[in-house]
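The values are calculated or read from the model by the stated rules, or taken from the named source; none is laboratory data. Quantities reported herein were computed from a predicted structural model and do not represent experimental measurements. All Cβ positions, glycine included, derive from the backbone under ideal geometry; neighbour counts span all protein chains shown. For the accessible areas, the whole protein counts, side chains as well, though only heavy atoms, and no ligand, DNA or RNA atoms are used. Shrake-Rupley method; radii C 1.70, N 1.55, O 1.52, S 1.80 Å.
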Amino acid sequence: MRESISFNDGWDFCPEFREELLSDGVVAGAEKVRIPHSVKLTPFHYFDASLYQMISGYRRVFTAKEEWKGRRVFVRFMAVAHGAVVYLNGKELFEHRCGYTAFEVELTGALRYGVENVLTVKVNSREDQNFPPFGHVIDYLTYGGIYREVSLIVTESVRFSDVFVMPKEPEGQIPKEAVSKYRFSGRVETDITLDGDEDIRPEELSLELTVSRRKNGETVASRRLPFSEAAGIDVPEARLWDTTSPVLYALTLALYRGDEKLDELTESFGFRRSEFREDAYYLNGRRFKIRGLNRHQCYPYAGYAMPASQQAADAEILRFELGVNAVRTSHYPQSQHFIDRCDELGLLVFTEIPGWQHVGDQAWKEQAFVNLEEMVCQYRNHPSVILWGVRINESLDDDEFYEQTNAMAHALDPTRPTGGVRYLEKSHLLEDVYTFNDFSHEGTAPGCKKKAAVTPDMSKAYLISEYNGHMFPTKSFDDEEHRLEHALRHCNVLDAVNENRDIAGSFGWCMFDYNTHKDFGSGDRICYHGVMDMFRNPKLAAYVYASQQNRTPVLEVSSSMDIGEHPGGNRGAVYIFTNADSVRMYKNDVFIKEYTEGDPKYSHLRHAPMLVDDYVGDQMKVEEGFSDHQNSIVKDAINYIARYGMGNIPLDIKLKLAEAMTIYHMTFDRAYQLYGKYVGNWGGESTVFRFDAVKDGKVVKSVTKSAVESLSLDVRADHTVLTEGDTYDVAALRIRVCDGYGNVQPFFHTPLPLKLSGPVELIGPAYAEIAGGMGGAYLRTTGEAGEAEITVSLPEEYKNDKGSVTIRFRVEKK
């Protein structure tokens with residue numbers, strides 16, 4: 001039977017590869033590390049990529065058990081960045097040349113049983129290697145190290161080397177309104193590859209297939225059959241995997257010779273019908289608009305090296321906080337933990353081979369073919385994966401190369417279509433879906449191009465794979481109008497994509513800011529292209545996406561209501577981002593207006609942002625005795641001037657001012673007095689604006705805006721029970737410096753000290769980097785169980801009863 005042994009602890013690491021790492025002697029200066037590991041922790045910003053570019057060495061000393069004799073032993077690396085040479089007891093066994101896919105090395109022939117063995121990995125994380133994504137500039141950092149988990153696998157002489165699970169699509173019409181209740185007769189076929197003892201004849205072997213529900217482990221089907229037969233199994237009363245109800249099953253395959261069980265593997269799968277058609281994308285028979293974001297797999301300080309909990313957390317942020325239904329793994333395959341969580345959450349995935357614009361020589365291309373094969377074979381059992389990217393991102397046409405990648409993907413997986421991300425219009429379309437980076441929107445142009453203007457073949461599906469991003473970089477500490485423009489550009493594209501029914505959907509660039517090379521970004525080695533910052537704190541644009549879902553209430557107001565933040569002291573445009581039925585606005589507890597409709601220029605959004613156009617309400621009727629008509633014309637004039645100032649007043653407002661002066665004998669001094677009283681309020685008590693989001697007649701969320709009187713801290717950990725399992729666990733802290741009402745203060749930039757105790761350590765510095773009032777920290781377990789805590793504090797000059805936050809953790813051993 002198969003044994004899988006965690007192999008993440010007890011590694012020696014040297015930043016320079018040395019011959020001593022090939023033997024079991026002491027290596028001077030070697031550091032004890034745990035996997036996942038990055039060859040170099042990086043600063044938050046202002047660092048050069050040369051920091052992690054090195055040829056380093058890892059070593060793991062272990063004892064091969066005597067009882068392993070006669071069996072086979074493998075080591076499996078989930079990813080090593082980027083070139084990896086594996087040795088056992090000084091003998092070179094294998095070289096792998098992709099930093100984004102898993103690989104397995106058989107150790108059997110070089111093992112010494114009952115004594116210590118030395119497993120060594122030479123890791124080349126330099127960017128001058130001749131394989132993808134290297135060869136030219138890259139708009140992201142590639143980092144280095146054994147950054148995904150490692151396991152030792154012990155099997156019998158015959159084992160499963162690959163299992164492709166192929167659930168059959170349900171036949172007939174699927175009820176569009178009752179996907180979660182739909183039941184059908186399911187069928188699962190498999191394509192199984194064995195590896196091992198040539199003396200064992202296939203007719204000696206049999207298979208046992210067992211299907212169970214992932215949710216509760218209940219067995220729903222089982223059968224035993226000769227290995228020579230087609231290995232399939234019927235699943236009665238099968239349920240669909242969908243974004244609304246992602247039902248997962250587990251298929252357990254057991255390999256027998258007689259009554260002896262030789263091997264066993266379990267693969268998750270789901271039943272679904274996923275189709276890119278000429279006019280749209282269809283999921284389980286219903287037209288489905290893809291609304292997604294691109295994701296890099298990097299983190300501040302740690303680079304790529306994060307364990308399962310943080311990989312899963314990003315999927316949860318995308319699904320629950322940002323409310324999207326899809327993600328593109330730009331520009332490479334990502335952690336199985338991330339994709340597993342996408343399966344569980346019903347988050348659609350578009351994944352692609354590694355690369356960025358550059359296509360190299362024939363040797364480079366040969367490695368790209370290997371990368372493609374590894375990607376498809378390693379990820380094809382995930383129901384969340386709906387599309388293979390078989391072109392190098394944004395590369396030029398290369399028909400011979402891409403004919404081969406397209407054919408390979410279809411041969412390895414006949415069940416999924418292919419796409420290839422390009423920035424070229426009317427590019428050669430060899431794939432099934434034309435996937436295009438549409439950066440045409442620059443604030444004034446339409447949100448996206450028409451399908452007919454881009455694709456050369458209208459009979460195939462069309463998908464926008466990137467938009468915005470570098471067209472309008474936005475920092476969390478940019479001025480208010482810039483942050484609002486960023487959010488509205490995302491609205492513009494989403495609205496246009498929804499309007500164009502023949503566009504299957506879109507992926508915005510991108511989920512969060514990321515470190516990059518000197519050729520890109522804002523000079524500090526950060527690309528500020530995200531709707532979140534690097535610690536996954538939301539910028540204003542994040543609420544554009546969050547407000548499109550109905551799972552949780554969303555309410556955000558684009559302005560702090562500080563007029564000094566705007567040129568001329570004019571309020572400018574203020575928007576409410578919400579998924580509520582309406583929003584009630586109050587000023588100093590006086591009702592002003594209930595907003596029930598979004599801005600009509602975003603009529604194709606499910607929940608369009610609401611434009612705030614009234615700061616006066618009916619106050620002048622009550623306090624000044626104005627008639628309805630007088631109140632209306634004076635209010636309209638005051639509201640316009642409050643938003644846009646006295647310059648270039650439009651004709652309709654001028655006419656209302658003239659009417660107020662001629663009919664109601666209003667003087668300039670009187671108008672100025674009214675403006676100061678109902679809008680300006682200079683020298684008076686601070687104005688307090690409150691916005692109440694109303695859903696089904698109930699207030700579900702409130703936002704209050706007023707002048708800042710004191711600061712407070714909002715510190716949240718993604719989880720507080722940490723588990724020492726196959727490797728360490730990491731908790732992510734998201735830190736926000738707020739006013740007394742919980743509004744982030746975007747011009748607070750002071751680092752905050754971190755104090756911790758217990759069996760945890762910080763990844764990165766002993767302070768939280770704060771930019772735009774937001775930042776974060778990562779706590780890593782150290783191998784021991786116990787209680788731990790971290791305290792985040794404002795500097796003494798800002799401290800009050802909300803200026804220090806302590807979060808407590810419990811570290812458990814699995």
Rounded to the nearest 10, the angle in degrees between the Cα long axis of helix 628-644 and the longest principal axis of the Cα atoms of the chain comes to 50 degrees
What is the distance in Å between the Cα centres of region 1-80 and region 651-676? 77 Å
The chain: relative contact order in percent, alpha carbon pairs under 8 Å with at least 6 residues between: 9 percent
With a 10 Å radius around each residue's Cβ, average the other Cβ atoms per peptide and rank 126-138, 343-355, 59-71, 40-52, highest first. 343-355, 126-138, 40-52, 59-71
The simple spin-label model distance between residue 757 and residue 4, using points 7 Å out along Cα→Cβ, in nm, is 3.9 nm
Carbon/sulfur fraction of accessible area - region 139-258, other protein chains in place, 1.4 Å, %: 42 percent
Label points 7 Å out from Cα along the Cβ direction at residue 591 and residue 785: separation in nm? 5.7 nm
List every residue whose amide H lies under 5 Å from the amide H of residue 205, counting only residues 5 or more places away in sequence or on a different chain, with H placed 1.01 Å from N in the peptide plane. 227
Let me have the relative contact order for region 628-749, percent, based on Cα pairs under 8 Å that are six or more residues apart. 15 percent
Given a 1.4 Å probe and every protein chain left where it sits, what share in percent of the accessible area of region 1-138 is carbon and sulfur? 49 percent
Whole-Å distance linking the alpha carbon centroid of region 582-620 with that of region 756-793 is 41 Å
Averaged per residue, the 1.4 Å probe accessible area of region 674-807, protein heavy atoms only, in Å², is roughly 44 Å²
³J(HN,Hα) computed for each position of region 358-364 - Karplus, 6.51 cos²θ - 1.76 cosθ + 1.60, integer Hz, glycine/proline x: 7, 10, x, 7, 5, 4, 4
Return one number: the angle in degrees, 0 to 90 and rounded to the nearest 10, between the long axis of the Cα atoms of helix 336-345 and the longest principal axis of the Cα atoms of the chain. 60 degrees
Based on the Cβ-Cβ distance from residue 670 to residue 798, what FRET efficiency comes out when R0 is 41 Å, to the nearest 0.05? 0.45
Mean separation of Cα contacts under 8 Å, 6 or more apart, over the residue count of region 589-636: relative contact order %: 31 percent
Can you tell me which lysines have their Cα less than 19 Å from the Cα of residue 698? Leave out same-chain residues fewer than eight positions away. 593
Could you tell me the center-to-center distance, by alpha carbons, between region 443-503 and region 242-304 in angstrom? 28 Å
Once label points are set 7 Å from the Cα along Cα→Cβ at both residue 457 and residue 234, what is their separation, rounded to one decimal in nm? 3.8 nm
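Please calculate how many Å² of accessible area region 384-535 carries per residue, with a 1.4 Å probe and no DNA, RNA or ligand atoms counted.
Ligands and nucleic acids excluded, the result is 31 Å² per residue.
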Tell me which residues come under 5 Å, amide H to amide H, from residue 348 once H is placed; ignore anything under 5 positions away on its chain. 326, 327
Proximal lysine pairs, region 391-544, alpha carbons under 18 Å, eight or more residues apart or interchain: 9
How much mean residue ellipticity at 222 nm does the chain get from its helices, if each DSSP H run of length 4 or more adds -39500 (n - 2.57) and you divide by all residues, to the nearest 500 deg cm²/dmol? -4500 deg cm²/dmol
Stretched out fully, how many nm does the piece from residue 397 to residue 266 gain, at 0.36 nm a residue minus the Cα gap? 43.2 nm
Carbon + sulfur, % of accessible area of region 753-812 - ligands and nucleic acids excluded, 1.4 Å: 46 percent
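Estimate the FRET efficiency between residue 445 and residue 277 by the formula 1/(1 + (r/R0)^6), using the beta-carbon distance for r and 22 Å for R0, to the nearest 0.05.
The calculated FRET efficiency here is 0.20.
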Once phi is turned into ³J(HN,Hα) by the Karplus curve 6.51 cos²θ - 1.76 cosθ + 1.60 with θ = phi - 60°, what whole-Hz value does each residue of region 508-522 show in order, with x for glycine and proline? x, 9, 8, 4, 8, 4, 8, 6, 8, 7, 4, 6, 10, x, 10
Residue 26 to residue 551: extension gain in nm, 0.36 nm per residue of separation minus the Cα-Cα distance? 183.4 nm
Could you list, in their original order, any pairs among 289/365; 176/705; 621/705; 32/215 whose Cα atoms are separated by more than 31 Å? 289/365; 176/705; 32/215
List, in order, the whole-Hz ³J(HN,Hα) value for each residue of region 346-355 obtained from phi through the Karplus relation with A = 6.51, B = -1.76, C = 1.60 and θ = phi - 60°; use x for Gly and Pro. x, 9, 5, 10, 10, 10, 8, 5, x, x
Expressed as an acute angle from 0 to 90° and rounded to the nearest 10, what is the orientation of the C-alpha long axis of helix 651-662 relative to the principal long axis of the chain? 30 degrees
